[in-house]
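The values are calculated or read from the model by the stated rules, or taken from the named source; none is laboratory data. Everything numeric here is computed off the predicted structure, so don't read it as measured data. When we count neighbours, we look across all protein chains shown, and the Cβ atoms used for this are built from the backbone with ideal geometry, even at glycine.
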Amino acid sequence: MRSHTTFRQLEIFEAIARLGSFTRASEELYLTQPTVSMQMKKLSESVGAPLIEQVGKKIHLTPDGQHLAQVTREIFAILDHFTMSVAERRGLKQGKLSLMAITTASYFAPRLLGEFAKLYPGIDVSLRVTNKEQVLASIADKQDDLYFLGAPPVEIDVVAMPIMDNPIVVLAAPDHPLAQQQNIPLERIAQEPWLMREKGSGTRNAIERRFAEKGIALNTRLELGSNEAIKQAILAGLGISALSRHTLTLNQPGQFAVLDVEDFPILRHWYAVYPAGRRLSVVARAFLDYLLGRQETTSPAAGKGKP
């Protein structure tokens, strides 16, 4: 006779599916690995099909496991929404809020989340910062409540709301020869050695489109995988770049020169994104309303140039 599937087994399975590791799942849930393994064995027996397979040191979900992972996330989402709806009717703001953001958003996302958590201290908040590809994969799997992106994805049906200005400015070392010049032509700035993010980066795409519109080729010197690496390379005198003004949040005034270049800044937005057709939890809706209500914009100094 098959044993009944328990909520705890589904909770363990969801953690393994999300984290891709028995070890990380046991750490997150404060369980021993033998307990996790035993519960997954019981779950497979209850379902009547293998859910997880191991190839070398890596684990993978079987097709049945992938289906169950999706069903489990839907079950948890329904339960979370019910719990938070009850709390809302009692005049409380309790529950969980799970956010995911691309790396550049790490310059402002923790601050916004911290401000919201102070308003509603009963809410358990979490934030994961990673690359764009992993964020898109999470959106497709509907793993988190909301996502911060510099542009809405075109390959996934989503609801995207602009929450903040995101101007891209040209940065150089403070002693750069062009630092004191005004209205520098694009043709002139393109001759400088450029430090660029990897191909596929939203910031890089926006920069290349701006120059391509004028038929100008950039002199790309280096490709670097992070904004901080680009900033260090700028200070080392290896070239110039264009990054979101938000990347200067933690730097001292005057540490970088923001060059006065025609057709810059490139005016973009940060978006709060969630899968189309998904019903937001009470807490996620409250956070989204908070973001939309802030109406935060960049400083007037960042507004020069045409979008």
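Of note:
- With respect to the stated conditions, Leu51 is modelled with pLDDT of 90 or more and in contact with a helix residue (DSSP H, G or I) (Cβ under 6 Å, 6 or more places away or on another chain).
- Put simply, of Leu92, Leu97, Leu29 the only residue that is within 30 Å of Ser226 (Cα to Cα) and either over 27 Å from the mean Cα position of the chain (by Cα) or modelled with pLDDT under 90 (or both) is Leu97.
- Strands (runs of 3 or more DSSP E) wholly inside the range 133-207 that include at least 1 residues being closer than 13 Å to Ser241 by Cα and at pLDDT 90 or above: 158-172, 194-197
- Scanning the range 37-53 for residues that are within 32 Å of the chain's Cα centre (by Cα) and of a type in the set (Gly, Ala, Ser) turns up just one, Ser37.
- Considering the range 235-247, and only residues there that are of a type in the set (A, V, I, L, M, F, W, C) and closer than 19 Å to Glu208 by Cα, the residue that is surrounded by the most Cβ atoms within 10 Å (Cβ to Cβ) turns out to be Ala242.
- Contacts under 6 angstrom Cβ, first residue in the range 263-290 being on the phi < 0 side of the Ramachandran plot and among the small types (Gly, Ala, Ser), partner buried (at least 21 other Cβ atoms within 10 Å of the Cβ) and assigned to a loop (DSSP other than H, G, I, E, B), 6 or more apart: Ala284/Asp145
- Residue in the range 100-123 that is of a type in the set (S, T, N, Q), under 30 Å from Ile266 (Cα atoms), assigned to a strand (DSSP E or B) and at pLDDT 85 or above present: no
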